[in-house]
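Novice: Structure below; questions to follow.
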Amino acid sequence: MTAWLQLVQITRKDLLIEARSGEALLVTTPFGAVALLFVPLAVGTDTPLLREIGPGLYWVVVLLFGLLVTLRHSAVDTPAQIALLRLCGVHPVVRLAGRAVASALLLLAFELLLVPVTVALYDPAPHGWPWLLVVLPLVATGLGLLGTLAGALAQGLDGRTTLGPVLVLPLAVPLLLGATQAPRAAALGHAPWPWLLLMLTVDLIAVLALLLGAPHLEEVA
Amino acid sequence: MHPQLSPQAELTGVHVDVQRTAVLRGLDLVVAAGEVLGMVGANGSGKTTLLKVLATLVTPVAGTVRVRGPVVLLGHAPALCPQLTLRENLRFVAGLAGRDAAVADASLATVGLAAAADRRADRCSHGMRRRADLARVFVTEPSLLLLDEVQTGLDVASAGLVDHVLEVVRHRGGASVVVSHDRDQVARLTDRVVELVAGRVGPAVIV
Amino acid sequence: MTLFGRRLPIVAAVLLAVGLAAGLAAPPDRIQGNLQRLMYVHVPAAWLAYLGFVITFGASVAWWWRRKPGHDRLAAAAAEVGVFFTGLAIVLGSVWGKPVWGVWWTWDPRLVTTALMFFVYLGYLALRRATLDPQVRARRAAVFGVVAFVQVPIVHMSVLWWRSLHQPPTVLRPGDPTIDHSMLAALLMNLLAFTVVFTVFLRARMRLAAAHDEADATPGPLAGDAVSAPRLEGVTRDG
């Protein structure tokens, strides 16, 4: 019970810090939007082409820049803060889980903010869009967990914000494929369940990795 | 209970390596309940590492560590989230420790920061952050308090605050370990002073 | 103790010479001709890529269990040698693919997974390089080594669903293999030779790491030894 209360405290603190610094939603989100704006400038403004590539590009941007959301500077604990949490009886799993929940919520907001940008710039076909209601949270959860794990692995290292994505981005491929293929399958009249199940599996593996890995990342005396 | 019979912390034969350097080599140390222990030593002699061992943040490669908590460690750098106000910082600690928000507010008043409670930590001076860090002692009520050079940056009034904090912990039957380079200050604050030499506790120091 | 050892490198060289000779002596492929001989190096390289990562995974799990520095060194050495052979397999595959398929790269699941694995383990090595403290490095590398390995089959499955073009496995099929017996013999010979080469590399890398650790550990600097009294002579107040 105390663990849950501690988790809520940590999540709330992370969200409060984001509300103050705006690093994820006021800095990284415009950065992602700029990326979406750049692609048509580079490949041409042919409307059918953009309509075709829009959803895929959206997910590439969500994955790449989404990891920056999870690795945001304000989500770094100093050694003094980690010591404080440890001495307050906060287990490393609880600390990282609280962070992952906050990151997943921020990622969901990040995804939702980029949707209108993609619609406006690329005008993608709206087939299968209701599935996004499931896909968006699944990707936000998986990426939030993987990003938190990356942040813990690269904690205190030089080049943390590049090392983190290099570590977990290749592992996030099923999320990219699931997110792009599920609505496409639905648009073609197939049930997208296998893709959703795949993403759910990735999310569960990430949960397990956090539960089993976090105690090994810190020496728990 | 007689303090000698149940020490607050007991380290036996502790070996610690940090980044391949042997920092502590077979260190033995007993911190009795109710005592204020001073610790001195040259730069890089392992004082901070020893405090981390006492806080059970570092696991030795050999030796045994027995500590009765809860423990509060106040290090070189205050453990405050810079984007949060002092009040939010202390309330966060209170929440984790399962204590009331009012305790956090009262602790800020005790350290003389009631008027600055709603200022962000990164807009506070170093001395104010130090004091806010000291306020944690009133929130988590440790039975072992570890102070690592906390006097740097504190004004005269705050130095009195350190005395007060040590007295509060002692009054509850807890113990404190104070690390400092200022030998006069260590002598004034503590009951007993030890020096860390070659990874071990040297003979008691008269200062 | 020498880095590479004495007997094993000789054995490896002889086996490699025999293997390559067998590869050249085997009959050419009916359709691809001599190009197909790349198989005798490409397939062993790919096999060792996977073997390296399996060893890294096993050693990482062993480290979780026992915390022996040797396990950490084995995990690191296998990842390094594995990355080398993964790169080799990808490059050779690309060289083979260009004349046969007409492109350097195809979006075949096995290729995509191998490329992703290459990047995962490059990340693993980058993580190791960035972490200075040996304890912290071993801990983080072990966690990542296990998590990454567990995720690789999921990655492969997802890419497999996404599309499948590659020819089905030809050797590991029950019953009579579909390739010529002399070709199969040459391939197995090369698999053996390359595996011995892999072992030589792996052992050398582990010995190097052990020597490195030993050099760092002895004569055991003591904390504070690096700090001496400041030198204050040479400046006078009224000079």
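The values are calculated or read from the model by the stated rules, or taken from the named source; none is laboratory data. These numbers were taken from a predicted model, which means no experiment stands behind them. Reconstructed Cβ throughout: ideal geometry from the backbone, glycine too, with neighbour counts over all protein chains shown.
Novice: Given (1) facing chain B (nearest Cβ under 10 Å); (2) touching a residue at least 60 places away in the same chain (Cβ under 8 Å); (3) surrounded by 21 or more Cβ atoms within 10 Å (Cβ to Cβ), identify the lone condition not met by A:Val8.
Specialist: (3)
Novice: Mind checking whether some residue in the stretch A:87-102 is more than 15 Å from the chain's Cα centre (by Cα) and among the basic types (Lys, Arg)? Break it down stepwise before answering.
Specialist: As a first pass, look at the stretch A:87-102 and keep what is more than 15 Å from the chain's Cα centre (by Cα): A:87-95.
Remaining after also requiring among the basic types (Lys, Arg): A:95.
There is at least one residue in the stretch A:87-102 that is more than 15 Å from the chain's Cα centre (by Cα) and among the basic types (Lys, Arg).
Novice: Give C:Leu48, C:Leu116, C:Leu125, C:Leu74 a once-over and let me know the one that is part of a helix (DSSP H, G or I) and either more than 28 Å from A:Arg160 (Cβ to Cβ) or touching a Lys or Arg at 6+ places or on another chain (Cβ under 8 Å) (or both). Quick ask: steps written out before the conclusion?
Specialist: Values: C:Leu116 fails: either more than 28 Å from A:Arg160 (Cβ to Cβ) or touching a Lys or Arg at 6+ places or on another chain (Cβ under 8 Å) (or both); C:Leu125 fails: either more than 28 Å from A:Arg160 (Cβ to Cβ) or touching a Lys or Arg at 6+ places or on another chain (Cβ under 8 Å) (or both); C:Leu74 fails: either more than 28 Å from A:Arg160 (Cβ to Cβ) or touching a Lys or Arg at 6+ places or on another chain (Cβ under 8 Å) (or both).
Among C:Leu48, C:Leu116, C:Leu125, C:Leu74, only C:Leu48 is part of a helix (DSSP H, G or I) and either more than 28 Å from A:Arg160 (Cβ to Cβ) or touching a Lys or Arg at 6+ places or on another chain (Cβ under 8 Å) (or both).
Novice: I would also like to ask the following. Let me confirm something: among B:Leu90, B:Leu84, B:Leu80, which residue is within 9 Å of chain A (Cβ to nearest Cβ) and closer than 15 Å to A:Leu84 by Cα? Before the answer, list the steps.
Specialist: Working: B:Leu90 fails: within 9 Å of chain A (Cβ to nearest Cβ); B:Leu84 fails: closer than 15 Å to A:Leu84 by Cα.
That would be B:Leu80, the only listed residue that is within 9 Å of chain A (Cβ to nearest Cβ) and closer than 15 Å to A:Leu84 by Cα.
Novice: Give the number of residues within the stretch B:20-50 that are among the hydroxyl-bearing types (Ser, Thr, Tyr) and in contact with a helix residue (DSSP H, G or I) (Cβ under 6 Å, 6 or more places away or on another chain).
Specialist: Of the stretch B:20-50, the ones among the hydroxyl-bearing types (Ser, Thr, Tyr) are B:21, B:45, B:48-49.
Filter once more, keeping what is in contact with a helix residue (DSSP H, G or I) (Cβ under 6 Å, 6 or more places away or on another chain): none.
Total satisfying the criteria: 0.
Novice: Also, I was wondering about something else. Here are some conditions: (1) buried (at least 17 other Cβ atoms within 10 Å of the Cβ); (2) modelled with pLDDT of 95 or more; (3) over 28 Å from A:Ala209 (Cβ atoms); (4) of a type in the set (A, V, I, L, M, F, W, C). A:Trp59 meets all but one. Which one does it not meet?
Specialist: A:Trp59 satisfies all of (1) buried (at least 17 other Cβ atoms within 10 Å of the Cβ); (2) modelled with pLDDT of 95 or more; (3) over 28 Å from A:Ala209 (Cβ atoms); (4) of a type in the set (A, V, I, L, M, F, W, C) except (3).
Novice: I'd like to know if the stretch B:144-151 contains one or more residues that are assigned to a helix (DSSP H, G or I), of a type in the set (A, V, I, L, M) and either buried (at least 21 other Cβ atoms within 10 Å of the Cβ) or over 20 Å from the mean Cα position of the chain (by Cα) (or both). Write out each step before concluding.
Specialist: Taking the stretch B:144-151 and keeping what is assigned to a helix (DSSP H, G or I), we get none.
No - not one qualifying residue is present in the stretch B:144-151.
Novice: Then there's this: With the requirement that a residue be within 9 Å of chain A (Cβ to nearest Cβ), touching an Asp or Glu at 6+ places or on another chain (Cβ under 9 Å) and modelled with pLDDT of 90 or more, what does the stretch C:107-140 give you?
Specialist: Hits for the stretch C:107-140 are C:Ala130, C:Arg139.
Novice: On to the next question. Mind checking whether some residue in the stretch A:142-165 is more than 14 Å from chain B (Cβ to nearest Cβ), hydroxyl-bearing (Ser, Thr, Tyr) and in contact (Cβ under 8 Å) with a residue 24 or more places away in the chain?
Specialist: Within the stretch A:142-165, one or more residues are more than 14 Å from chain B (Cβ to nearest Cβ), hydroxyl-bearing (Ser, Thr, Tyr) and in contact (Cβ under 8 Å) with a residue 24 or more places away in the chain.
Novice: Among residues belonging to the stretch A:36-86 that are within 14 Å of chain B (Cβ to nearest Cβ) and of a type in the set (Ser, Thr, Tyr), point out the one that is farthest from A:Tyr122 (Cα to Cα). Outline the logic, then answer.
Specialist: Keep residues of the stretch A:36-86 that are within 14 Å of chain B (Cβ to nearest Cβ), which gives A:72-86.
Add one more test, that the residue is of a type in the set (Ser, Thr, Tyr), and what stays is A:74, A:78.
Numbers: A:Ser74: 32, A:Thr78: 42 Å.
Checking each candidate, the answer is A:Thr78.
Novice: Can I ask one more? Name the residues in the stretch C:23-45 that are part of a helix (DSSP H, G or I) and either over 26 Å from C:Trp101 (Cβ atoms) or basic (Lys, Arg) (or both), would you? Spell out the reasoning first.
Specialist: Just the residues of the stretch C:23-45 that are part of a helix (DSSP H, G or I), to begin with: C:23-25, C:34-45.
Answer for the stretch C:23-45, where residues must be part of a helix (DSSP H, G or I) and either over 26 Å from C:Trp101 (Cβ atoms) or basic (Lys, Arg) (or both): C:Ala25, C:Arg37.
Novice: Let me ask you something else. Condition first: of a type outside the set (Gly, Ala, Ser), part of a loop (DSSP other than H, G, I, E, B) and over 30 Å from B:Met128 (Cβ atoms). Now tell me which residues in the stretch B:159-206 satisfy that.
Specialist: If the condition is that a residue be of a type outside the set (Gly, Ala, Ser), part of a loop (DSSP other than H, G, I, E, B) and over 30 Å from B:Met128 (Cβ atoms), then B:Pro203, B:Val205, B:Ile206 are the ones that fit.
Novice: Looking at B:Val53, B:Val30, B:Val18 in this structure, which one is within 11 Å of chain A (Cβ to nearest Cβ) and at pLDDT below 95?
Specialist: On the way: B:Val30 fails: within 11 Å of chain A (Cβ to nearest Cβ); B:Val18 fails: within 11 Å of chain A (Cβ to nearest Cβ).
Criteria check complete, one pass: B:Val53.
Novice: Just to be sure before I move on: is A:Leu146 aliphatic (A, V, I, L, M) and more than 22 Å from A:Thr29 (Cα to Cα) in the structure I sent? Before you say what the answer is, go through the steps one by one.
Specialist: Values: aliphatic (A, V, I, L, M): yes; more than 22 Å from A:Thr29 (Cα to Cα): no.
The answer is no for A:Leu146.
Novice: Shifting gears a bit: Give the residue, chosen from A:Thr2, A:Thr28, that is under 15 Å from the mean Cα position of the chain (by Cα) and polar (S, T, N, Q).
Specialist: Values: A:Thr2 fails: under 15 Å from the mean Cα position of the chain (by Cα).
After ruling out the rest, the residue left standing is A:Thr28.
Novice: Among all residue pairs at least 6 apart or on different chains, which show Cβ distances below 6 Å where the first residue, located in the stretch C:157-168, is more than 14 Å from A:Leu176 (Cβ to Cβ) and the second is modelled with pLDDT under 70 and surrounded by 13 or more Cβ atoms within 10 Å (Cβ to Cβ)?
Specialist: Between residues of the stretch C:157-168 that are more than 14 Å from A:Leu176 (Cβ to Cβ) and residues that are modelled with pLDDT under 70 and surrounded by 13 or more Cβ atoms within 10 Å (Cβ to Cβ), there is no close pair.
Novice: Given the structure, is C:Phe84 more than 14 Å from chain A (Cβ to nearest Cβ) and assigned to a helix (DSSP H, G or I)? Can you show your working first?
Specialist: Values: more than 14 Å from chain A (Cβ to nearest Cβ): yes; assigned to a helix (DSSP H, G or I): yes.
It is true that C:Phe84 is more than 14 Å from chain A (Cβ to nearest Cβ) and assigned to a helix (DSSP H, G or I).
Novice: Also: From the list B:Ala117, B:Ala157, B:Ala132, B:Ala97, exactly one residue is at pLDDT below 95 and over 20 Å from the mean Cα position of the chain (by Cα). Which is it? Full working, then the answer.
Specialist: On the way: B:Ala157 fails: over 20 Å from the mean Cα position of the chain (by Cα); B:Ala132 fails: over 20 Å from the mean Cα position of the chain (by Cα); B:Ala97 fails: over 20 Å from the mean Cα position of the chain (by Cα).
One residue alone meets the criteria, B:Ala117.
Novice: Please go through the stretch C:89-117 and give me each residue that is surrounded by 14 or more Cβ atoms within 10 Å (Cβ to Cβ), of a type outside the set (A, V, I, L, M) and touching a residue at least 24 places away in the same chain (Cβ under 8 Å), ordered by number.
Specialist: C:Gly93, C:Trp96, C:Thr106, C:Asp108, C:Pro109, C:Arg110, C:Thr113, C:Thr114
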